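K.L.:
Have a look at this one before I ask anything.
Taken together, the values in this text are just the output of simple stated rules run on the coordinates, not laboratory data. Keep in mind it's a predicted model, so treat the numbers as computed, not measured. Here the Cβ positions follow ideal geometry from the backbone for every residue, glycine too, while neighbour counts run over all protein chains shown.
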Amino acid sequence: MSNYKLTYFNFQGRAEILRYLLAYTNTEFEDHRIEYKDWSAHKDAYPYGKLPVLEIDGTVYYQTLAIGRYLAKKAGLTGKTDLDNLRIDAILDTIDDFVSLYPWTGDEKAMKEYVEKCGGAVLSGLEKELGNNKWFAGEYVTWADLYWDTCSESLEHYQPGFAKDYPKLLSLKKRVKELPKIAAWIKRRPQTPY
Ligand SMILES: N[C@@H](CCC(=O)N[C@@H](CS)C(=O)NCC(=O)O)C(=O)O
């Protein structure tokens, strides 16, 4: 069995999708967390000075979505066809673009303005893509559903109620959190404010 070590900061953030995917397959992993205040002493040791990274049997892999796609394949959480994957990947990228450009500065005015300016198009687009389906892919769950939950959780922390006008997206979050393996992870994961 391979040895997994996931390194990130001591919060959910970008690494949480990877923790979800590992938990979903009951994969044991070292959940290595660096305190942000200590980061400057470690930064140079990581590819491009960024986290998260996943070490698999001692080899370091980086970029959340690349690692996530690898784990999602193993978890059976990718699309069933190439075209399903094309659509799922587009949703993942849309969510990722939105969170990547979010001003994670704690500056309330900047965060509010960003969601006002860009949030409507993204959130109403995602709500429309989901429609009355249970999952973004339709009948079956994929890691795009999980990514929506983990990313929106961070946004919700900084801007409570940011998705309140999108009930379908909110009920999708609930369904993700009720997946037994995810529910068990949420119960046992280290408690951090976000
Ligand atoms: N696209 C990259 C982004 C990585 C990234 O920007 N990570 C941030 C944390 S979310 C980081 O390492 N920040 C510390 C720094 O840049 O010094 C990924 O998804 O892995």
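K.L.:
Taking 0.36 nm per residue of separation and subtracting the Cα-Cα distance, what length does fully extending residue 165 through residue 38 add?
P.N.:
Using 0.36 nm per residue and subtracting the Cα-Cα distance, I get 41.9 nm.
K.L.:
Additional query: Between residue 114 and residue 174, what is the label-to-label distance in nm when each label sits 7 Å out along the Cα-to-Cβ direction?
P.N.:
Result for the modelled spin labels: 2.8 nm.
K.L.:
Place the peptides 111-120, 138-147 in order of packing, highest mean first, counting for every residue the other Cβ atoms within 10 Å and averaging per peptide.
P.N.:
My ranking of the peptides, most packed first, is 138-147, 111-120.
K.L.:
Now for a separate question. Would you list 89, 97 from fewest to most Cβ contacts within 10 Å?
P.N.:
Fewest to most other Cβ atoms nearby, the residues stand as 97, 89.
K.L.:
Using amide H atoms built in the peptide plane, which far-off residues or other-chain residues are under 5 Å from residue 9 H to H?
P.N.:
For residue 9, the qualifying residues are 34.
K.L.:
Report the gain in length on full extension from residue 105 to residue 181: 0.36 nm times residue separation, minus Cα-Cα distance, nm rounded to one decimal.
P.N.:
24.1 nm
K.L.:
First obtain the Kirkwood hydrodynamic radius of the chain from its Cα pairs, then insert it into the Stokes-Einstein equation at 37 °C and 0.692 mPa s, and state the resulting D in µm² per second as a whole number. Before the final figure, lay out the partial values.
P.N.:
Working: Rh = 17.4 Å.
Rounded, D is 189 µm²/s.
K.L.:
Right, here's the next one. Which whole-Hz ³J(HN,Hα) couplings does region 44-61 yield from phi under the Karplus relation 6.51 cos²θ - 1.76 cosθ + 1.60, θ = phi - 60°, glycine and proline marked x?
P.N.:
Karplus-based 3J(HN,Hα) across region 44-61 equals 5, 7, 10, x, 6, x, 10, 10, x, 10, 10, 8, 10, 6, x, 9, 8, 10 Hz.
K.L.:
Between the alpha-carbon centers of region 1-52 and region 118-194, tell me the distance in whole angstrom.
P.N.:
If you average the Cα positions of each part, the centres end up 21 Å apart.
K.L.:
Provide the net charge surrounding residue 158, with neighbours chosen by a C-beta distance below 11 Å and charges set as Lys +1, Arg +1, Asp -1, Glu -1.
P.N.:
So the surrounding residues net to -3.
K.L.:
Let me ask another. Along the Cα→Cβ direction, 7 angstrom out, place labels at residue 30 and residue 194. What is the inter-label distance in nm?
P.N.:
2.9 nm
K.L.:
Of 73/168; 50/173; 112/164; 134/181; 80/164; 128/187, which sit over 22 Å apart, Cα to Cα?
P.N.:
In this structure, 73/168; 50/173; 80/164; 128/187 lie more than 22 Å apart at Cα.
K.L.:
Highest first, please rank the peptides 72-80, 31-39 by the mean number of other Cβ atoms sitting within 10 Å of their residues.
P.N.:
Numbers: 72-80: 18.4, 31-39: 12.8.
Descending packing order for the listed peptides: 72-80, 31-39.
K.L.:
For residue 97 paired with residue 83, estimate the spin-label separation in nm (one decimal), with each label point 7 Å from Cα along the Cα-to-Cβ line.
P.N.:
2.3 nm
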